[in-house]
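Where a number appears in this text, it was derived from the coordinates with a stated rule and is not lab data. Being a predicted model, the structure only gives us computed values, none of them experimental. Neighbour counts run over all protein chains shown; Cβ positions are idealised from the backbone, glycine included.
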Amino acid sequence: MQQCPHLQQLELRHSIFVVDQPVVLPLHLRSLIADDTSLGFGVRGHLLAVQNLVHLESLILLEKGPGVVLEAVQETLSYDSTKYATVSDLHTLKLNVSLLDPPHIAELLSHPRLKELQHLGLVDCPAINDQVAAVIAEHGKRLKTLQIPNAKITGVGLKKLVLACPSLAAVDLNGCRDVSMDAVDWAREQGLSVMWKMGI
């Protein structure tokens with residue numbers, strides 16, 4: 001990693017690092033796609049040093065592990081404020097969050113580096129209900145796309161999202177069995193592109 005100091009995009013899937021100390025990711029990294037095994041959270045300690053990624057704009061964590069997703073995101077977005085006066089806001093965040101509960105999702109979305117978030121994916125998260133939809137609506141004013149497949153959201157939560165997020169253009173509700181066809185039709189009438197299949 002140290003030989004690529006200006007690397008801006010990095011994808012790690014099922015990577016295994018045999019090192020004496022954590023591998024430091026390039027400071028100029030703008031896009032990181034990784035699974036929790038590669039990051040080392042909840043597995044064998046922290047295999048990658050992910051702090052101070054002050055230029056990071058896109059973070060996608062593909063796999064899930066018990067209680068590691070929130071820690072992984074918070075660690076990845078952390079930085080030394082005494083060294084870096086300005087940092088980039090995240091524009092894209094996609095996570096597998098099956099084990100996160102509503103309070104943790106609220107904590108996650110209130111992170112200061114997510115205030116400009118435009119693309120959010122919370123995949124296979126049964127904890128997403130109308131209460132969580134309200135939290136997303138509160139913190140996601142600039143959202144353009146939202147992926148919440150297999151969530152327990154209803155038409156009430158969908159309406160909150162549509163009304164609170166004026167830039168929202170596309171929503172993935174595949175597998176959301178509690179959303180009615182009427183609610184989907186209403187959202188489409190507001191100009192949204194809605195993906196919605198019951199059997200996903």
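Before moving on, here are some points about what is shown:
- Modelled spin-label separation between Gln8 and Glu116, with each label point placed 7 Å from Cα along the Cα-to-Cβ direction: 1.5 nm.
- Along its principal axes, the range 89-200 has C-alpha extents of 35, 28, 19 angstrom, given from the largest down.
- C-alpha center-to-center spacing [the range 147-162, the range 168-200] in angstrom: 8
- Phi-based couplings in Hz for the range 160-172 (Karplus 6.51, -1.76, 1.60; Gly and Pro marked x): 4, 5, 5, 6, 8, 10, x, 8, 5, 10, 8, 9, 9
- Selected from Met195, Gly155, Ala133, residue furthest toward positive end of dipole (the range 89-200; charges at beta carbon): Met195
- Label-point gap, in nm, between Tyr79 and Asp185 - each point 7 angstrom along Cα→Cβ: 4.8
- Cβ-Cβ FRET estimate between Ser88 and Asp178, R0 fixed at 25 Å, reported to 0.05: 0.10
- Look at where the Cα atoms of the range 105-120 and of the range 82-101 average out, and the two centres are 7 Å apart.
- For Glu11, residues with placed amide H under 5 Å, excluding near neighbours: Ile33
- Residues whose amide H falls under 5 Å from that of Gln147, counting only those 5 or more places apart or on a different chain, are Leu120, Gly121, Leu122, Asp172, with hydrogens built in the peptide plane.
- Lys, Arg +1 and Asp, Glu -1 on Cβ, resulting dipole of the range 89-200 about Cα centre, debye, nearest 20: 200
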